[in-house]
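Here's the structure we're looking at; comments come further down.
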Amino acid sequence: MSAEIIDGRKVAELIRNSVREDVEQWVEKGNRPPFLQVILVGDDPASIVYTGTKSKACKEVGIDSNTMVLQDTISAIELKQIIQDFNQDDSVDGILVQTPLPSHLSKYDVIETIDYRKDVDGFHPMNVGRLSLDQPCFRSCTPAGVMELFKHYSIPVKSKHAVVVGASDIVGSPMAVMLSRENTTGKATTTICNKYTRDLTAHTINADILIVAAGQPHLIKPEMVKEGAVVIDVGINRIADETTEKGYKLVGDVDFEGVKKKASWITPVPGGVGPMTVAMLMKNTLLAAKKSLYPG
Ligand code: GUN
């Protein structure tokens, strides 16, 4: 068997196109364009790249955005005051604080300051809590993007055994909640593995749907995967490669070449889940502007 490839670039483009059309209609009705306020603290190189990608995507779909860059010495009080000012500002629909934050700032404390109605990342406890109750909320973009891939490719989830490897706040945990709890798109039997899981293979081998977000290059080998499984690789790892111009290449958490011979569906890295994250952020920002989730 050779797996069908899940083309995240293509699906992300379809989503961006649909958001662009919706934004156009929204503006034609006399509304201002949606506005996303991005906050970047410090100069983490990966965060600079990510926020740049987000602002470019906004421009492409007709969403206005601004990235405020703050010194990494900013105090929690100052940062929270800035966020509170954006909370009060009716011209700001979505607020996103790029993580990681410098070590003197607590990400939980900072995120909780964001008005949950503007929390387009879906990281605020109100959104995380509502997600776990299957109530309307902003959903974390990466796992929401994975659910969108299942929908696009008509990959059934209900009653399947889904195994999530990785239990992070922004991918593994909300992913497991979506798979297990969401009424229309989920209802899988779900196992969450973390770094303390004793025999990882004993779990992964039973997965009809295997989602890997562990941040370990090539963690998942063919012998760990059930014949015909759907394999979703959320990992993006840089590994040294002197044959490339940049001196590195991007690989996922799955041994793609080996595992694709056993899987029925598989996402590549790059070009799988990655592009979906930003597309879902665009979708969330439009929902925020329209006040679709929290009308009050
Ligand atoms: N850091 C890594 N991924 C993300 C993300 O999706 N949103 C934010 N705010 N920070 C991140």
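Each reported figure results from applying straightforward, stated rules to the coordinates on display, with no laboratory input. Nothing here was measured: the structure is a model prediction, and the numbers come from that model. Neighbour counts are summed over all protein chains in view; Cβ atoms, including those assigned to glycine, are modelled from backbone coordinates with ideal geometry.
Highest mean first, how do 171-177, 62-68 rank when packing is the count of other Cβ atoms within 10 Å averaged over residues?
Ranking, from highest mean packing down: 171-177, 62-68.
Ranked highest first by average number of other Cβ atoms within 10 Å, how do 40-47, 220-227 line up?
Per-residue mean Cβ counts within 10 Å order the peptides as 220-227, 40-47.
In whole angstrom, how far apart do the alpha carbon centroids of region 212-285 and region 93-111 sit?
Here the answer is 26 Å between Cα centres.
Scaled to the compact-protein estimate 2.2 N^0.38 Å, what is the alpha-carbon radius of gyration of region 1-148, rounded to two decimal places?
For region 1-148, the normalised Cα radius of gyration is 1.13.
List residues of region 165-181, by number, whose backbone nitrogen lies under 15 Å from a label position 7 Å along Cα→C-beta of Asn194.
165-177
Taking the simple approach of a point 7 Å from Cα along Cα-to-Cβ for both Gln135 and Glu21, what is their distance in nm?
In this crude spin-label approximation the distance works out to 3.3 nm.
What percentages make up the Cα-Cα pair-distance distribution of region 115-249 when the bins are 10 Å wide from 0?
P(r) for region 115-249, in whole percents per bin: 12, 40, 31, 14, 3.
Among all the aspartates and glutamates, which ones have a C-alpha under 18 Å from Lys261's C-alpha, if same-chain residues fewer than 8 places away are not counted?
Hits, sequence-local ones excluded: Glu4, Asp7, Asp208, Glu223, Glu227, Asp233, Asp253.
What is the ratio of the Cα radius of gyration of the chain to 2.2 N^0.38 Å, where N is its residue count, to two decimals?
Relative to the 2.2 N^0.38 Å estimate, the chain comes out at 1.01.
Give the angle, between 0 and 90 degrees and rounded to the nearest 10, that separates the Cα long axis of helix 76-88 from the longest principal axis of the Cα atoms of the chain.
Helix 76-88 sits roughly 70 degrees off the main axis of the chain.
Test of understanding: what is the full-extension gain from Lys290 to Ile239, defined as 0.36 nm times their sequence separation minus their Cα-Cα distance?
Here the segment from Lys290 to Ile239 would lengthen by 14.2 nm.
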